[in-house]
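Written out below as structure tokens is the structure these notes cover.
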């Protein structure tokens, strides 16, 4: 596995090994020993799989009392994946990093706990699978406003995105619950 840096050092872009031949391909998407060697020795407790239509924007989501680290990959289509640092003691607090992820590459992104996460579907549809380090807890879920001018996230939009009500009503960074 090759690790590529992002502008926020704790967020890591991981290039997985992909072995292909005339039959197809094989890729090991998670190996606890390899991740521990990268300093990501956390236990994953839940796997999630979503399918979204083109131009759907999901996020920016996080949990305040059961924060989740996420290992995100795309198994169909392409997305623009975004992580926002909500750790108030961090030098990168309020900063964001983004990466295009697609099913054709063997690339995934590690987003540690303390970040809001979201994505925009760039293809006709996309399937996203991600592992989390804590369980989903709807009572602790929060939504950061995806288009907050204070964040100035460069979403590669093709018109108005399709949003859930909770994403449309997200909280601006100035009023959001954050982490120490």
Test: residue in segment 75-93 that is crowded, with 19+ Cβ neighbours inside 10 Å, part of a loop (DSSP other than H, G, I, E, B) and touching a strand residue (DSSP E or B) at 6+ places or on another chain (Cβ under 8 Å) | yes
In this structure, is residue 68 surrounded by fewer than 12 Cβ atoms within 10 Å (Cβ to Cβ) and either out of contact with any helix residue (DSSP H, G or I) (no Cβ under 9 Å at 6 or more places or on another chain) or on the phi > 0 side of the Ramachandran plot (or both)?
-> no
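Residue-wise test of (1) surrounded by fewer than 22 Cβ atoms within 10 Å (Cβ to Cβ); (2) modelled with pLDDT under 95; (3) closer than 23 Å to residue 94 by Cβ.
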{"residue": "113", "(1), (2), (3)": "yes, no, yes"}
{"residue": "116", "(1), (2), (3)": "no, no, yes"}
{"residue": "123", "(1), (2), (3)": "yes, no, no"}
{"residue": "139", "(1), (2), (3)": "yes, no, no"}
{"residue": "150", "(1), (2), (3)": "yes, no, yes"}
{"residue": "153", "(1), (2), (3)": "yes, no, yes"}
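Restricting to segment 155-166, name every residue that is out of contact with any strand residue (DSSP E or B) (no Cβ under 6 Å at 6 or more places or on another chain), modelled with pLDDT of 95 or more and more than 18 Å from residue 98 (Cα to Cα). It would help to see each step written out before you state the result.
Initial filter on segment 155-166 (out of contact with any strand residue (DSSP E or B) (no Cβ under 6 Å at 6 or more places or on another chain)): 157-160, 164-165.
Now drop any that are not modelled with pLDDT of 95 or more, which leaves 157, 160, 164-165.
Result: 160, 164, 165.
Pick from segment 29-38 the residues that are part of a loop (DSSP other than H, G, I, E, B) and in contact with a strand residue (DSSP E or B) (Cβ under 9 Å, 6 or more places away or on another chain): which of them is nearest to residue 173 (Cα to Cα)? Quick ask: steps written out before the conclusion?
First, pick out the residues of segment 29-38 that are part of a loop (DSSP other than H, G, I, E, B): 29-31, 38.
The next check asks that each one be in contact with a strand residue (DSSP E or B) (Cβ under 9 Å, 6 or more places away or on another chain); those that pass are 29-30, 38.
On the way: 29: 33, 30: 33, 38: 30 Å.
Among them, the one singled out is 38.
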Looking at segment 114-149, which of the residues that are in contact with a helix residue (DSSP H, G or I) (Cβ under 9 Å, 6 or more places away or on another chain) and part of a loop (DSSP other than H, G, I, E, B) is nearest to residue 58 (Cα to Cα)?
-> 146
Among (1) closer than 15 Å to residue 60 by Cα; (2) part of a strand (DSSP E or B); (3) without any contact (Cβ under 8 Å) to a residue 40 or more places away in the chain, where does residue 152 come up short?
-> (2)
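Could you list, in sequence order, the residues of segment 40-56 that are loosely packed, with under 12 Cβ neighbours inside 10 Å and either at pLDDT below 80 or outside any loop (DSSP other than H, G, I, E, B) (or both)? Working first, answer last.
Of segment 40-56, the ones loosely packed, with under 12 Cβ neighbours inside 10 Å are 41, 43, 47, 49.
If the condition is that a residue be loosely packed, with under 12 Cβ neighbours inside 10 Å and either at pLDDT below 80 or outside any loop (DSSP other than H, G, I, E, B) (or both), then 41, 47, 49 are the ones that fit.
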Examine segment 1-20 for a residue that is surrounded by 10 or more Cβ atoms within 10 Å (Cβ to Cβ), in contact with a helix residue (DSSP H, G or I) (Cβ under 9 Å, 6 or more places away or on another chain), over 22 Å from residue 83 (Cβ atoms) and without any contact (Cβ under 8 Å) to a residue 40 or more places away in the chain, and state whether such a residue exists.
-> no
Does residue 100 qualify as being surrounded by fewer than 19 Cβ atoms within 10 Å (Cβ to Cβ), without any contact (Cβ under 8 Å) to a residue 60 or more places away in the chain, outside any loop (DSSP other than H, G, I, E, B) and within 15 Å of the chain's Cα centre (by Cα)?
-> yes
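The values are calculated or read from the model by the stated rules, or taken from the named source; none is laboratory data. Just so it is clear, the structure is predicted and the values come from calculations on it, not from any experiment. Heads up, the Cβs are rebuilt from the backbone with ideal geometry, glycines too, and the neighbour counts pull from every protein chain shown.
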